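Report on the structure given below.
Please treat every number below as a calculation from the coordinates, not as lab data. Only a predicted model underlies this, so the values are computations on that prediction, with no experimental measurement involved. Using ideal geometry, Cβ is built from the backbone for each residue, glycine included, and neighbour counts are taken over all protein chains shown.
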Amino acid sequence: MMSSDKKTFKGISRRDFFKGSALTVAGIAAGGLLVGCGKPKQEAAQTQAEKLRKYSWETPPAPIPASQIKETIQADVVVVGSGLAGLSAALRAAENGAKVAVLEKNTTWTGRGGHFGVAESREMKKAGLVNDKKLLVRDWVARTGNRAKEELVWLFVNNSGGAMDWFLPKAEAAQLTPVLFTGYYKGPNYTEYPGTHLFRGGPMAKKGNPGADVSLVLYNEAVKLGVTFYFKTPGEQLVKEGDRVVGVVAKASDGYKRFNAAKGVILATGDIGGNQEMCEAYAPLALKANESQYIPVGMNTGDGHKMGMWAGGAMEDAPFATAIHPQAFSFLSYFFLFVNQQGKRFMNEDTWVQAKSLETMRQPEGPWAFSIYDAKWPEEVKASLPIGGGMFWDWMGHIHGEEWKPDMDQKFLQGYLEEGKKAWKADTLDELAGKIGVPADVFKATVARYNELAKTKEDTDFGKRPELLTTIEKPPFYANKFGGALLVVTAGLNVDTKLRVLDAKQNPIPGLYAVGNVSGGLYGVDYPTIIDGNSHGRALTWGYLAGKNVLEG
């Protein structure tokens, strides 16, 4: 975690957030580098040098010689990676009669988060929640800077419901209870849509990782159908015969093994967020976050991206979209007054999670900020939710049909206060300024100005909606520290609507598919929380589709 004088970039568990929660849920990739034009000569020369730089993956490794292959294993489908997308693909292929082998460099399968966002499902229909798909897609494309591949957005919107309905009976058979998240943002401009599913009652939720219950169900079902898992066996190279990918060479503890894939190979190795060199090239913003919260640490190193490129696949254009949420330090930021380390207000606090993260990351002195509020906060939060909300404003486990109560927020706030590093409480503004380390005179002037705007109900500084302007006058006063945490880099190899990897001329590479965060095209320049948890929904859906597409050719 990042302190005030030193930044580190490392993976951490979200376990602390889940501990003690009654619900235990949370919400919670070779393209060219961008080159400016019209620059001074010296800067242009530096840019040219950058263009000529060779990254480690740009030179494909020599093929592993046949003499080093200790064993050859035959399969119809080989899936590389056993996270959510890989497990979904493996199970769907097995259900359709394929002999499936799954390669995984970790010691077991993986799962994380807790929010699984799709556009529709039987649970949504039962709850009377129906999305306007046309409007949803238009908002999605706009929110991604008009760089999302629209046919892929439609692929997700039209098929994510089928993928979720395919999974729901399996979840229920495993004693998981599906529920719907209602804490999405309901205000204008950054409006989010319903469709986020959570699953209660699983064994992994009790350990603080409810998202892993979904992976556990998929894994167990795959094993029942005869899918063979090879753990501690990372895929290293794809094998081609002519233009077709026909297998994978992986490195096991006893040497190299070749896995032949009669129907095809599905790459599902996760993102590039744990590979600093690849982030420098494709997602430099990822390296500016306060921390990475990807788990398991060290697994997301872009292995599938590199193998795909070595086989002729092309990456989508940089810079890659990143999911950076304001959950470094405190998970509670709300919609109150935000001040930076200079004690100054710097943004309209009525916005969505990515905007909050990126604005804090641009602040002087350090990439975090403080949410300032007073004793009235429980009533003010509750009153704001019908017109605002969203993750880290509403409770992350707020379920459709259940009344919002401050209990869980109070529990986490108390924990933060006791820890003394993520939230502070004081009887005066001078005392609070001292605790958070900002200039007291500047801080008090900022609060006074904000109170003035709240009383006149007109924010002439940042344009915040008048109904969300609340005074900070009633002690005790609070400050929550928050900043951007990298969850994942949601981009990668170009794919078509069958999830086949495309070459530089946009032709599919026979026998090669990419799912989850190895695949690109869906998110453009920024990860959109159009539906909270849609990255997990994409992983489930892409695996569900590719697991059948690979058998159809």
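Over all other residues within a Cβ to Cβ distance under 9 Å of Met164, the charged ones net out to -2, with Lys and Arg as +1 and Asp and Glu as -1. Taken over the C-alpha atoms, the stretch 323-485 has Rg and Dmax values of 14.5, 45 angstrom.
Residue ranges 331-337, 537-543, 464-470 sort as 537-543, 331-337, 464-470 when ordered by packing (mean number of other C-beta atoms within 10 Å per residue, highest first). Partner lysines whose Cα lies under 17 Å from the Cα of Lys498, excluding those fewer than 8 positions away in the same chain, are identified as Lys149, Lys263, Lys548. Calculate the length of the line joining the C-alpha centroid of the stretch 401-432 to that of the stretch 516-553, in whole Å. Comparing the Cα centres of the stretch 401-432 and the stretch 516-553, I get a distance of 36 Å. Note: relative contact order over the stretch 323-485, using C-alpha pairs below 8 Å and six or more positions apart, is 40 percent.
In a reduced charge model with +1 at each Lys and Arg Cβ and -1 at each Asp and Glu Cβ, the chain shows a dipole moment near 900 debye about its Cα centre.
Packing, as the average of other Cβ atoms within 10 Å across residues, places the peptides 192-198, 130-136 in the order 192-198, 130-136, highest first. Counting neighbouring Cβ atoms within 10 Å and putting the fewest first, the residues Asp317, Asp254, Asp394, Asp271 line up as Asp254, Asp317, Asp394, Asp271.
Give, as a single signed number, the net charge of other residues whose beta carbon lies under 9 Å from the beta carbon of Glu95, with Lys and Arg counted +1 and Asp and Glu -1. Walk me through the numbers on the way to the answer.
On the way: positive: Arg92, Lys548; negative: Glu221.
Surrounding charge for Glu95 is +1.
Each of His115, His305 was scored by other Cβ atoms within 10 Å of its Cβ. Listed from fewest to most, they are His115, His305.
I'd like the antiparallel share, as a percent to the nearest 5, of DSSP beta bridges with both residues in the stretch 423-528.
Details: 7 of 8 bridges.
DSSP beta bridges in the stretch 423-528 are roughly 90 percent antiparallel.
Electrostatic tally near Asp76: other residues with Cβ closer than 11 Å to its Cβ, Lys and Arg +1, Asp and Glu -1, net +2.
List the trypsin sites (Lys or Arg not before Pro) within the stretch 393-448 that DSSP assigns to loop and that have no more than 15 neighbouring Cβ atoms inside 10 Å.
Numbers: sites: Lys411, Lys421, Lys422, Lys425, Lys435, Lys444; in loops: Lys421, Lys422.
Those that pass, being in a loop and sparsely packed, are Lys421.
Using just its DSSP H runs of length 4 or more, each adding -39500 (n - 2.57), the chain gives a mean residue ellipticity at 222 nm of -9500 deg cm²/dmol after division by all residues.
Compute the relative contact order of the stretch 467-553 as a whole-number percentage, counting only Cα pairs closer than 8 Å that sit 6 or more residues apart in sequence.
On the way: 86 pairs, mean separation 23.4, N = 87.
Once normalised by length, the contact order is 27 percent.
When each pair of different Cα atoms in the chain is counted once in the 1/r mean, what is the Kirkwood radius in angstroms, to one decimal?
On the way: mean 1/r = 0.0413 Å⁻¹.
Over the chain, the inverse of the mean reciprocal pair distance is 24.2 Å.
Residue order for Thr497, Thr269, fewest other beta carbons within 10 angstrom first, comes to Thr497, Thr269. For the stretch 230-255 and the stretch 331-373, compute the distance between their C-alpha centroids and round to whole Å. A separation of 46 Å, based on Cα centres. Considering only DSSP beta bridges whose two residues both sit in the chain, what percent are antiparallel, to the nearest 5? Antiparallel bridges make up about 60 percent of those DSSP assigns within the chain.
Centre-to-centre separation between the Cα atoms of the stretch 452-479 and those of the stretch 261-320: 42 Å.
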